[in-house]
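Since the structure comes first, as structure tokens, the remarks are kept for the end.
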Amino acid sequence: MDTKFMLEICSLKNSSPKHITIIGAGIAGLVAAYELERLGHTVDIMEASNRVGGRVWTHRFGNEVDAPYAELGAMRIPSEHQHTLHYVKEMGLSDKLCKFVTVFEEQNAFMNIEGNIFRMKDAPRLLQERYQGIFTDTRYSEKTRLFAAWLKTIVDTISPGNLRSSLEADLHSHLMDELERLDLEPYFSENGETIDLNSFIQDNPGFRACCSKALDMFLSDIIVETSHTLLQLKGGMEQIIHRLVESINSPIQCNQPVVAMRVRENYTEIDYLENGQLQTRVCDYVLNTIPFSVMRKMQLSGFDARKLDSIHNTIYCPATKVAFHTKEAFWQQQGINGGASFSGAGVRQTYYPSVKFNPNHGSVMLASYTIGDDADVLGNMTEQQRHDYVKDVVGKVHPELLAEGMVSNVASIAWGNYEWSAGGCTVHWGNDTSDESNHTVNYLEAARPQNNMFFAGEHCSRFPAWLQGSIESALEAVYDIVSHATAKVATHDSLLGSEYSNTTQTKQNRQLAQVA
């Protein structure tokens, strides 16, 4: 069932107009508002912060139309994320789509392994010199040792600390033996020095089954993050936000933080602040897109125990980004035209723009992109400390940064400390690497309505951390709201009594049909 067909069914099933209060003007709230208005319903949108877009945030270094920019939030679109690409097309932005050169694609990029700095293309020889122990154990073939060294390097570059430790333990205990058993030859490049981890993971589900549960789930993210078919919007991801806002008739009220929610049988009361004064709004229907990390700090009433458990225990991963506005794109003189370096020492990934900026306005590098414990360390610094630290660390890889006047401006955000998100995104691999929780049940519980309050956002989806997840959950919520009976609603308390109810299973079937 595609998106248009799903919404047409909604329109036929319930022609009586509804009024929906949407809380949150991120992409989930904006997509829902756009579709609800198209179906003949009215909406009003409340946003706690002073800006729209949520975790889509393009920072521009200058007021010129062609000023260089950095993505402090969402920056990539996987080519298989059809919901996201549908709205790119719907908003007239298809001509802005272009390739995003990701980590490990640019062979001239650098790696900093404990102070040893070398080009990505020189990594195979140096990795074997760098790693000791199992990586030099002659009981295993050279292919196995090199493949394991590359796997460790890739995971070290992308993952938070607990998962890096998990891989190390798994390699020592049994994964080396599993790699030795497999035919690794097809996954090496022609020169035999680099590996295609994407193909390997997809072709060998048995290998993932041998990993810790959390590491297994994180490998799914690695497949996406290292894909050669990632896309971006030239000119900034915020363009999709601006186009959605222009396409919505209803005004968006910013600076209206919600402080309390009371779910009643057929309506919801919302307490919020406006110009410092406490106000109350009675809502027929509510679409709540607030991250649970923020919502759990509010006064909540009328939510069932299982929903409160979901709100208070959904895991959020911190993320921190630091971007430098540079006088020039000096890295291009070193043959780097996108991709990322591994700068190490808590800075992790350094991304180079794979779009061209007007050289008269300088350029931008995303000097540091971290998640997990590394993001916490940077996030707990003052902005000045964070900027100085990142400049010092990346300066070891790129001494040009330390030249007088090379860095003209800096922008950063610590999403874990940002008031209106309190986290970079939800994660399905958890903080405990032995976590066996069922992510499907978790996100369906997060999305489960409470009487006339419905939920959307990446935390309510199969695709946490991605625009695709926020959009899909918004469409699911639109379907549920429009098809919702206007009369008294049956209680939802038993929706997931034995993991799945008929209602929840129907939603899962709809999602599977959309994929098919």
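The values are calculated or read from the model by the stated rules, or taken from the named source; none is laboratory data. Being a predicted model, the structure only gives us computed values, none of them experimental. Neighbour counts run over all protein chains shown; Cβ positions are idealised from the backbone, glycine included.
Computed quantities for the displayed model
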quantity: Enumeration of residues in the range 296-310 that are in a helix (DSSP H, G or I) and surrounded by fewer than 21 Cβ atoms within 10 Å (Cβ to Cβ); calculated: ALA305, ARG306, LEU308, ASP309
quantity: Residue within the range 79-101 that is aromatic (Phe, Trp, Tyr), outside the structural domain of SER363 (by TED's automatic domain parsing) and touching a Lys or Arg at 6+ places or on another chain (Cβ under 9 Å) present; calculated: no
quantity: Residue that is modelled with the highest pLDDT [pool: residues in the range 107-164 that are within 29 Å of VAL377 (Cβ to Cβ) and of a type in the set (Gly, Ala, Ser)]; calculated: ALA109
quantity: Selected residue (only one of LEU401, LEU378 is under 21 Å from GLY73 (Cβ atoms) and modelled with pLDDT of 95 or more); calculated: LEU378
quantity: Any chance GLU168 is assigned to a helix (DSSP H, G or I), surrounded by 16 or more Cβ atoms within 10 Å (Cβ to Cβ) and at pLDDT 85 or above; calculated: no
quantity: Qualifying residue in the range 206-227 (condition: within 21 Å of ALA319 (Cα to Cα), modelled with pLDDT of 85 or more, of a type outside the set (D, E, K, R) and outside any helix (DSSP H, G or I)); calculated: yes
quantity: Total residues in the range 311-345, condition aromatic (Phe, Trp, Tyr) and assigned to a strand (DSSP E or B); calculated: 3
quantity: Selected residue (criterion: nearest to PHE218 (Cα to Cα)) from residues of the range 171-194 that are free of Cβ contacts under 8 Å to residues at least 12 places away in the same chain and either of a type in the set (Phe, Trp, Tyr) or assigned to a helix (DSSP H, G or I) (or both); calculated: SER173
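Per-residue answers, yes or no, for (1) exposed (fewer than 14 other Cβ atoms within 10 Å of the Cβ); (2) in a helix (DSSP H, G or I); (3) free of Cβ contacts under 8 Å to residues at least 12 places away in the same chain; (4) not assigned by TED's automatic domain parsing to the domain that holds ASN162:
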site: PHE200; (1), (2), (3), (4): no, yes, no, no
site: ARG243; (1), (2), (3), (4): no, yes, no, yes
site: GLU269; (1), (2), (3), (4): no, no, no, yes
site: VAL282; (1), (2), (3), (4): yes, no, no, yes
site: ILE290; (1), (2), (3), (4): no, no, no, yes
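Yes/no per residue for (1) crowded, with 22+ Cβ neighbours inside 10 Å; (2) at pLDDT 95 or above; (3) assigned to a helix (DSSP H, G or I):
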position	(1), (2), (3)
ASN431	no, no, no
PHE454	yes, yes, no
ALA474	yes, yes, yes
LEU495	no, no, no
